[in-house]
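The values are calculated or read from the model by the stated rules, or taken from the named source; none is laboratory data. This structure is a prediction, so every number in the text was calculated from the model and none was measured. Cβ atoms come from the backbone with ideal geometry, glycine included; neighbour counts cover every protein chain shown. Note: areas computed on protein heavy atoms with side chains; ligands, DNA, RNA excluded. Shrake-Rupley method; radii C 1.70, N 1.55, O 1.52, S 1.80 Å.
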Amino acid sequence: MIISFDIGGSAIKGGIARSEADITPMGRKPTPKDDFAAFVETIRSFINESGEQPSRVALSIAGVVDPDTQRLTCANIPCIHGRDLAADLQAELGLPVLIANDADCFAMAEAELGAGRGHRIVLGAILGTGVGGGLVSDGHLINASGGFAGEWGHGPIIASEAGNPPAKIPAYPCGCGQKGCVDTVGGARGLERLHKTLHDLDFSSEEIIMQWQQGDEKATRTIDVYTDLVASPLALTVNITGATIVPVGGGLSNVEPLLAELDKAVRQRILRKFDRPLVVRSECRVEPGLIGAAILGLKAEAA
């Protein structure tokens, strides 16, 4: 038995995993952001509540492990930012500890139990507040030792014109320090930013999508530009990785007509041709981070 965790900025969720078919959530507790001792005690409390000693702990976290130093970048939880968290937790708990990025855990969950079943190469894409991704090949997470593989949301690659007819698109500054990243236009906040640029209107992503589905001309223009901007870098990522399925998670994945538009545009721009959907809604809708971490932990135990 292992215990998996989904570590977020506001809550820590725990789960007991005995096999891929037997993963049981344990509930959630507030995340101690500024006190590492309290953070450890929260993890330990889940272990104690399980009633037995796990063989390993596996964490999904909204941060990235440096593959060279094993130090974690996780700005929204200061008490673990910059730490070799796996080593520090292992010393505190006396158990092997595995840590993976939440988008990587999402990709693993989809590859093993979701839309990616039966596919050799699975690119998990997140279209939420921003854009993220993870890559699984032959059942193995590419970022097993940490790193940024699959993070198609970053890099100065957004087109300067998009849509039909073309609209000028500025290179918006990104939180990663660069300009023109997919993350600046591809998530919910990006959709809102595009609508403001194109029409000088402030609407939420939910309102823009509702207006689009109702046939509003300005919202339709925004979705056209959005699809054009996002499809090209996603198609390039598919070409480079050889992915044969792209399960999508995050809030925008709930808008299936939007995914259908994106899928159509991506399939028109890739080298390999598919007569079936490529960009699809994820199937692991409940706790994919917890499930993905559990799968990674179980695989590590079996290795």
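Ala149: in a loop (DSSP other than H, G, I, E, B) and under 13 Å from the mean Cα position of the chain (by Cα), yes or no?
Details: in a loop (DSSP other than H, G, I, E, B): yes; under 13 Å from the mean Cα position of the chain (by Cα): yes.
Yes; evaluated as a whole, the condition is true for this residue.
If I filter region 100-111 for residues that are open to solvent by less than 30 Å² (accessible area, probe 1.4 Å) and not in a helix (DSSP H, G or I), do I get at least one hit?
The answer is yes, given that some residue of region 100-111 is open to solvent by less than 30 Å² (accessible area, probe 1.4 Å) and not in a helix (DSSP H, G or I).
Of the residues Lys33, Lys29, Lys13, only one is buried (at least 19 other Cβ atoms within 10 Å of the Cβ) and either more than 14 Å from Glu301 (Cβ to Cβ) or hydroxyl-bearing (Ser, Thr, Tyr) (or both); which?
Working: Lys33 fails: buried (at least 19 other Cβ atoms within 10 Å of the Cβ); Lys29 fails: buried (at least 19 other Cβ atoms within 10 Å of the Cβ).
Just one listed residue meets the conditions, Lys13.
Of the residues that sit in region 240-260 and are closer than 30 Å to Glu207 by Cβ and either among the charged types (D, E, K, R) or not in a helix (DSSP H, G or I) (or both), which one is most open to solvent (accessible area, probe 1.4 Å)?
Kept after step one, since they are closer than 30 Å to Glu207 by Cβ, are these residues of region 240-260: 246-260.
Restricting the remaining residues to those that are either among the charged types (D, E, K, R) or not in a helix (DSSP H, G or I) (or both) gives 246-250, 255-256.
Working: Val246: 0, Pro247: 0, Val248: 2, Gly249: 3, Gly250: 33, Val255: 22, Glu256: 106 Å².
Taking the candidates together, the pick is Glu256.
Going through region 53-85 one residue at a time, which ones are open to solvent by 60 Å² or more (accessible area, probe 1.4 Å), part of a loop (DSSP other than H, G, I, E, B) and under 14 Å from Gly9 (Cα atoms)?
Residues satisfying the conditions are Ala75, Asn76, Pro78, His81.
Being in contact (Cβ under 8 Å) with a residue 12 or more places away in the chain, under 30 Å from Ser55 (Cα atoms) and in contact with a strand residue (DSSP E or B) (Cβ under 9 Å, 6 or more places away or on another chain) is true for just one of Ile126, Ile158, Ile169, Ile99. Which residue is that?
Selected residue: Ile99, the only one of Ile126, Ile158, Ile169, Ile99 that is in contact (Cβ under 8 Å) with a residue 12 or more places away in the chain, under 30 Å from Ser55 (Cα atoms) and in contact with a strand residue (DSSP E or B) (Cβ under 9 Å, 6 or more places away or on another chain).
What are the residue pairs meeting all of these: first residue in region 276-303, first residue closer than 15 Å to Leu123 by Cβ, second residue in a helix (DSSP H, G or I) and among the aromatic types (Phe, Trp, Tyr), Cβ atoms under 6 Å, and 6 or more apart or on different chains?
Short answer, once both residue conditions are applied: Pro288/Phe106; Gly292/Phe106.
Are any residues in region 189-207 small (Gly, Ala, Ser) and open to solvent by 10 Å² or more (accessible area, probe 1.4 Å), and if so, which ones?
Answer for region 189-207, where residues must be small (Gly, Ala, Ser) and open to solvent by 10 Å² or more (accessible area, probe 1.4 Å): just Ser204.
Is region 36-52 home to any residue that is crowded, with 16+ Cβ neighbours inside 10 Å, charged (D, E, K, R) and more than 17 Å from Ile16 (Cα to Cα)?
no
What do you reckon, is Lys218 open to solvent by 60 Å² or more (accessible area, probe 1.4 Å), in a helix (DSSP H, G or I) and without any contact (Cβ under 8 Å) to a residue 12 or more places away in the chain?
Answer is no for this residue.
Taking region 189-214 only, how many residues are small (Gly, Ala, Ser) and either under 20 Å from Thr237 (Cβ atoms) or touching a Phe, Trp or Tyr at 6+ places or on another chain (Cβ under 9 Å) (or both)?
The qualifying residues number 1.
Among the residues of region 261-282, what is the count of those that are open to solvent by 60 Å² or more (accessible area, probe 1.4 Å) and more than 16 Å from His119 (Cα to Cα)?
Looking only at that region, the number is 6.
It is to be established whether one or more residues within region 163-172 are open to solvent by 60 Å² or more (accessible area, probe 1.4 Å), β-branched (Val, Ile, Thr) and assigned to a loop (DSSP other than H, G, I, E, B).
No, the conditions are met nowhere in region 163-172.
Which condition number does Val65 fail, the rest of (1) in contact with a strand residue (DSSP E or B) (Cβ under 8 Å, 6 or more places away or on another chain); (2) farther than 30 Å from Asn254 by Cβ being met?
(2)
Of all residues in region 1-45, count the ones that are free of Cβ contacts under 8 Å to residues at least 60 places away in the same chain, hydroxyl-bearing (Ser, Thr, Tyr) and either part of a helix (DSSP H, G or I) or in contact with a helix residue (DSSP H, G or I) (Cβ under 9 Å, 6 or more places away or on another chain) (or both).
Number of matching residues: 3.
Would you be able to tell me the number of residues in region 173-193 that are over 19 Å from the mean Cα position of the chain (by Cα) and not in a loop (DSSP other than H, G, I, E, B)?
So the answer is 4.
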